[in-house]
Every structure is written in C-alpha cells, then in structure tokens.
Amino acid sequence: MRTDSRLPRVLHVLLHLDQLDEPVTSERIGEMLNTNPSLVRRTMAGLREAGFVRATKGHGGGWILLRKLTENTLADVYSALGSPELFAVGRSGDAPHCLLERSANQATSAALEAARATFRAELERTTVADLVAPHAEVIREHQKKITGGKRRENAG
C-alpha cells in the first residue's frame with residue numbers, strides 16, 4: 001500500500017526553517033528529503049497559500065517562515081497539505097442496492113470517521129514548536145554543528 005509521508009516531511013522542513021537565519025532553497029530541501037526540488041516546490045505551495053512560508057527569488061532566495069511555530073498546530077499543516085486520506089479502506093460499491101452491503105459500509109464508515117476525528121484532535125493539540133521542546137538543547141547543539149552557528153535566537 002502506498003503511504004503519504006508529506007505531513008512528517010513538511011514538519012521536518014518547518015522545523016529546519018525555524019532553526020536557520022537564511023532562506024532555504026528547494027534544492028537544499030530536496031537534498032534533505034532525498035526528493036526532487038520540483039516536488040518540494042509543489043508541496044511547499046500549499047504552505048505558502050496557507051501563510052506558513054514565503055518563497056523569495058534570486059541570489060540568496062529560498063523558503064522562509066512567516067509565522068512562529070508556536071502559532072501553527074499540526075492540524076493547520078495537515079489542512080495546508082489538503083488533508084490527505086488517512087486510510088486505504090473505503091466503501092464498497094459492488095452491490096449498492098444490497099442492504100447487507102449498506103450495513104457493512106455504514107459500520108466501516110462510522111469507524112473510519114471516528115478514527116479521523118481522533119487523528120485530527122491529536123493534531124490540534126500539538127503545535128509544531130511542541131515537537132522540538134523535549135529535545136531543544138540537543139537540537140540546538142546539533143544545528144550549531146551543521147550550520148556553523150547560523151541560528152535564529154528567537155526561534156520558536
């Protein structure tokens with residue numbers, strides 16, 4: 001089954017953008033995620049439209065954060081990605097007039113809706129900044145090593 005890993009990948013990118021002073025190019029993000037820069041641009045477009053990031057062009061251009069990570073819940077990011085489907089399970093349409101198929105569809109649909117509601121509630125409880133809080137000091141030290149100390153002081 002094909003999985004959609006955009007949510008954790010985009011959260012990863014947002015966390016890095018928060019740590020850096022300068023804009024980050026789609027090429028650099030693509031290297032970080034082991035993907036094509038054009039896919040990065042398409043994915044980041046949803047975040048740009050939702051007001052999370054801005055892209056600047058030209059020499060020294062790239063993606064920058066527009067809002068602090070404390071202002072964004074994981075649900076906000078999920079919505080900006082178009083709220084991807086959580087499950088491959090769906091309704092059956094083999095015998096739409098059969099009462100037994102309808103009963104089976106109702107039962108699975110109710111369970112799926114409950115799971116979606118639980119997932120969304122969990123995402124709404126957590127800000128993007130919350131992801132770093134338990135490991136803030138270790139992350140700060142690691143970032144200093146890989147960026148040569150280029151880090152915003154008021155990241156958050």
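Take the Cβ atoms of Ala55 and Asn34, set R0 to 22 Å, and the FRET efficiency comes out at 0.60. Quarter the surface of the alpha carbon convex hull of the chain and you get the mean projected area, 11.4 square nanometres. A dipole drawn for the chain from +1 and -1 charges on Cβ atoms has a positive end, and of Ile29, Leu47, Leu123 the residue lying farthest that way is Ile29.
Derived scalar couplings between HN and Hα for the stretch 130-140 equal 4, 5, 8, 3, x, 10, 3, 5, 5, 5, 4 Hz in order, rounded to whole Hz, by the Karplus curve 6.51 cos²θ - 1.76 cosθ + 1.60 (θ = phi - 60°), x for Gly and Pro.
Simple rule: put +1 on each Lys or Arg Cβ and -1 on each Asp or Glu Cβ in the chain, find the dipole, and look at Ala133, Ala80, Gln19; the Cα lying farthest toward the positive end is Gln19. When the helices of the chain are scored as -39500 (n - 2.57) per DSSP H run of n ≥ 4 and the total is divided over every residue, the value at 222 nm lands at -16500 deg cm²/dmol. About the centre of its Cα atoms, the chain shows a dipole size close to 420 debye [charges on the beta carbon of Lys, Arg (+1) and Asp, Glu (-1) only; nearest 20 debye]. Rounded to whole numbers, the Karplus 3J(HN,Hα) couplings from phi for the stretch 113-118 are 5, 5, 5, 4, 5, 5 Hz, using 6.51 cos²θ - 1.76 cosθ + 1.60 with θ = phi - 60°, and x at Gly and Pro. Taking the Cα centre of each part, how many Å lie between the stretch 73-107 and the stretch 38-53? Cα centroid to Cα centroid, the span is 26 Å. For the stretch 1-88, the Kirkwood hydrodynamic radius from C-alpha pairs, put into Stokes-Einstein at 4 °C and a viscosity of 1.567 mPa s, yields a diffusion coefficient of 97 µm² per second.
Its Cα gyration tensor gives the stretch 65-153 an equivalent ellipsoid, and the semi-axes of that ellipsoid, as √(5λ) in whole Å with the largest first, are 43, 12, 11. Comparing His142, His12, His97 in a Gaussian network model of the chain, where Cα atoms under 10 Å apart are tied by springs, the biggest mean-square fluctuation is seen for His97.
Where a number appears in this text, it was derived from the coordinates with a stated rule and is not lab data. These numbers were taken from a predicted model, which means no experiment stands behind them. Note that we place each Cβ from the backbone using ideal geometry, even for glycine, and neighbour counts take in every protein chain shown.
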